[in-house]
1. Among F469, V495, L163, whose Cα sits farthest toward the positive end of the charge dipole of the chain (+1 at Cβ of Lys/Arg, -1 at Cβ of Asp/Glu, about the Cα centre)?
2. Please work out the C-alpha center-to-center distance from segment 235-253 to segment 98-169 and express it in whole Å.
3. I need V70, V201, V352 ordered by Cβ neighbour count within 10 Å, fewest first.
4. Which is farthest toward the positive dipole end of the chain among V383, M410, S178, measuring Cα position about the Cα centre, with Cβ charges +1 (Lys, Arg) and -1 (Asp, Glu)?
5. Using the crude model of +1 on Lys and Arg Cβ and -1 on Asp and Glu Cβ, and no other charge, please compute the dipole size for segment 119-270 relative to its Cα centre, in debye to 20.
6. Would you work out which of M153, S241, V13 lies farthest towards the positive end of the dipole of the chain, given +1 charges on the beta-carbon of Lys and Arg and -1 on that of Asp and Glu, about the Cα centre?
7. Where Rh is the Kirkwood radius over the Cα pairs of segment 311-524, the temperature 10 °C and the viscosity 1.306 mPa s, what D in µm²/s does Stokes-Einstein return?
8. Quick check on segment 156-302: what does the Kirkwood estimate of hydrodynamic radius come out to from the alpha carbon pairs, in Å?
Amino acid sequence: MGLMIDDAATVLVVDDIPTKRYVLASWLRRSGHRVVEAGGGEEALAVVGVLKPDLVILDVRMPDVGGIEVCEKIKANPETASIPVIQVSGNAVTPADRAEGLERGADAYLSEPIQPDEFAATVRATLRYYRARQRAERMAARLSELAEITLEMNQAEDFERLLSAAAEGCSRLLERYSRVLAIPPDGRLRRFSARPGEHAVARPVHPDTLERLSTISIGESPGVRTFEIDNATWARVVPDSDVVAHVSGMLCRTKAGRPPVFLGVETGSPLDGAEVSLLRQLGQALALAVDAARAYAEEHTIALTLQRSLLPAEIPRIPGLLISVRYQPAVDNVEVGGDFYEVLPLGDRVLVALGDVQGHSLYAATVMAELRYALRASVIDVVDPAGSMSLLNAVLRRYHPGMTATVCLMLINPATGESEIVNAGHIPPLLAGKGAAYHRFGNLLLGVAHEVYRVDRVRLPEDATVLMFTDGLIEDRDKLLDESLEIARQQAEDVTDDLEGFCDRLIATFGAREDDVAVVAVRRVPF
């Protein structure tokens, strides 16, 4: 009946007869188990609630609370439901008695007299099943935790939060002091560490630490390697570390030529096979998340570069006009947008244009570029805002059917203030200052149908300011468009001499945007 010491369990023996308790407890102790005794059902329930034993040996007939009822209460409590119960009886020994006991929660049922070998085998079998169930439940919980950690990493808003989520998640998953090393797009190695139950902390690290770890494990090849390092070796590789025990770690390189990521834990005792597998899976998920973050950052940089290359390199200095422009890409959008602006000097006049092509994609950016170039070409010989708008509409309808765009053109004579406005479905220009108001004249947006574009002629007084912006500035999912338009109008009432500061304040009023934003502010000033 001997057991390995690792098989020892805490067993509660419940019987109102001391002699029977003594015999059962003696058999259990000889097998290496720790034994706790209870003389009745109420006492047994109190002990189970506090001690949470690995096994309960329970007499069926007791004077206060019967064993079957005690078993039902143990199984009904979620905190104790998984504790196995072996019922023992010298009176209820018929097949019907055994069936009732098993149906009402018992994991095994023994009829007296019991032979020591039969008793020991039943205990071993019951504990074997209990421990297998414990391992399965623990692994299921860990796999669920692994999924949650992976989700947290993939939802991280930036690289720092990604590595923090990995370090904290690893410490929760394996219940050990964890460390993460990875290189973000800026090329500077980062190190984060976390103890169970604590937030991750960024720590300084020598820039070639990952290279040293790679040399002793993965080399230059792609793949995943798990390994163990004693604290003396770790101290040489990571000289500023606070490790006091062995380190179990993994390095993952998704493709040749890319820097690997490291994920490891301090191990006072070795990780078992399941824990090594969890470390490996989490490390692979981290490597993929780091790659995705790098790719996003690179794509975002490329997108911004492309967007800015399609916009004017600089705004010309024009006597009689003070012009301020802003272009702000969407905070979370990698794709190229279709917002554009133009400021074109045309003899003694200036054409100011603002537009927005439908969608976010390379295609939208291409269409935007075509419209800009078509607009420039349309004013080479004859300056006619209505004719230019008709040309843009024809270009869109002929070469990009199904696409739409909004455009507003304003042709200004800085000397006299005489101006022409042609608006194709765009947010109307806003005349800033006290009593700020939107221009009310407009036409159908581009790309929908043939349209005869009308021109409205206005005169800008000296020191008057006109504000033009795309809908990305004011559109919010949880707010009516009219409300946002009114907010912009109220801001325009307080326009100051500092036009640059006003544009910054206007954008800050609406905060981070889900769409690109283009703003053009024009003030007529003395020559």
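FYI, it's all coordinate maths here, none of it is from the lab. Since we're looking at a predicted model, the values are computed, not measured. Cβ coordinates were reconstructed from backbone atoms using ideal geometry, including for glycine residues, and neighbour counts include every protein chain displayed.
1. Going by the Cα projections, it comes out as L163.
2. Comparing the Cα centres of segment 235-253 and segment 98-169, I get a distance of 31 Å.
3. Details: V70 28, V201 12, V352 25.
With the fewest neighbours first, V70, V201, V352 line up as V201, V352, V70.
4. Working it through, the farthest residue towards the positive pole turns out to be S178.
5. Values: 22 positive and 19 negative charges, 147 e Å.
Result for segment 119-270 is approximately 700 debye, rounded to the nearest 20.
6. S241
7. The Stokes-Einstein estimate is 92 µm²/s.
8. Final number for the Kirkwood radius of segment 156-302 is 15.1 Å.
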